[in-house]
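Below you'll find the structure, written out as structure tokens, and then a few comments.
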Amino acid sequence: MVSAIHNNLQRVREKLADAVRKSGRNDEDVRLVAVTKTYPVEDILEAVRCGVVSIGENRVQELSEKRSLWSGPSIEWRFIGHLQGNKVRKVLEFASTVDSLDSLSLARALSRVAEEKKMRLPVLIEVNTSGEESKHGTAPSDAAPLLESVMKECPALQVEGLMTVGPLTDDEAEVRRAFALLRGIRDSLSGAFGLRLKELSMGMSGDYEWAVQEGSTMVRIGSAIFGKRT
Ligand SMILES: *Cc1c(COP(=O)(O)O)cnc(C)c1O
């Protein structure tokens, strides 16, 4: 029997492909990260059977529990949640990227542990593009000084781009303004620091088509694939 996850993924991939085409981009320009927080390991396995290769988790405890249960093929586990300094060691045991870097103290802690492990850790800087208080991420105006300090002080980190969570509204113009802001910040940092910063991680179940039209290279989709969270 074909699973709900299979059907949902198919629908998401079709809409994603439409959005990619509509914006004159190529399929390989936008990666799908399946966000599996709150869903069981069996669901992750089913998604992987359907071709998913990147998983996003937002809590360290949940990530480590799932990793210890995981017996499926080797996939990419990205950490996308707010991270406290005291969990850095654990997160680097189980995730291969941190997409939610939002402070210099966290960057220093990550770099220290990554250096010990003789690894170079790919990270994304999370920017709060909506100004909503509940959102994590650095303020847009703090992104440049944070990046500058990370480049100076955190040799084990490789900043590959930026991440944001769109505002909580159905208003297309408002959501797209936030995504366009992230792209603009990327372009200006890229110019100022001579870095490629190729990744723009933006777009979730409710807004990924808009995000793709604004230049997203990585959409993070949970409920549209796995169903409503309970
Ligand atoms: C939960 C979460 C997502 C996915 O949200 P959905 O609306 O379920 O697609 C994406 N990014 C982050 C940072 C999340 O915490």
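Using a ≥ b ≥ c from the Cα gyration tensor of region 1-126 (square roots of the eigenvalues), is it rounded, prolate or oblate, where a/c under 1.5 gives rounded and otherwise the larger of a/b and b/c decides, a/b for prolate?
Since a/c reaches 1.5 but b/c is at least a/b, the shape of region 1-126 is classed as oblate.
Would you please state the base-10 log of I(q)/I(0) at q = 0.10, 0.12, 0.22 1/Å for region 105-230, with intensities from the Debye formula using one equal scatterer on every alpha carbon?
Result of the Debye calculation: -0.33, -0.47, -1.24.
Per-residue ellipticity at 222 nm for the chain, helices alone: DSSP H runs ≥ 4 residues times -39500 (n - 2.57), over residue total, nearest 500 deg cm²/dmol? Don't skip to the answer; put the middle values down first.
Numbers: 9 runs with 101 residues, N = 230.
Here the helix-only value at 222 nm equals -13500 deg cm²/dmol.
Once you have the Kirkwood Rh of the chain from its Cα pairs, apply Stokes-Einstein at 25 °C and 0.890 mPa s and quote D in µm²/s.
Values: Rh = 17.9 Å.
The Stokes-Einstein estimate is 137 µm²/s.
Taking each full run of DSSP H in the chain as one helix, which ones are at least 30 Å long along their axis (Cα atoms) and have mean Kyte-Doolittle hydropathy of at least -0.5?
172-193
Once each part is reduced to its C-alpha centroid, what is the distance from region 10-53 to region 120-187 in angstrom?
Using only Cα atoms to place each centre, the spacing works out to 22 Å.
Only counting other Cβ atoms within 10 Å, I'd like I44, I75 sorted with the fewest neighbours first.
Working: I44 23, I75 16.
The order, fewest Cβ neighbours first, is I75, I44.
Pick from P155, P73, P167: which is most flexible by mean-square fluctuation in a GNM of the chain where alpha carbon atoms under 10 Å apart are linked?
Most flexible of the set in this elastic network: P73.
For the ranges 207-216, 23-32, what's the packing order if you count other beta-carbon atoms within 10 Å of each residue, average per peptide, and put the highest first?
207-216, 23-32
Only the coordinates and a few stated rules stand behind these numbers; no lab work does. Because the structure is a prediction, the values reported are computed rather than measured. Quick reminder, even Gly has a Cβ in these numbers, built from the backbone with ideal geometry, and neighbours come from all protein chains shown.
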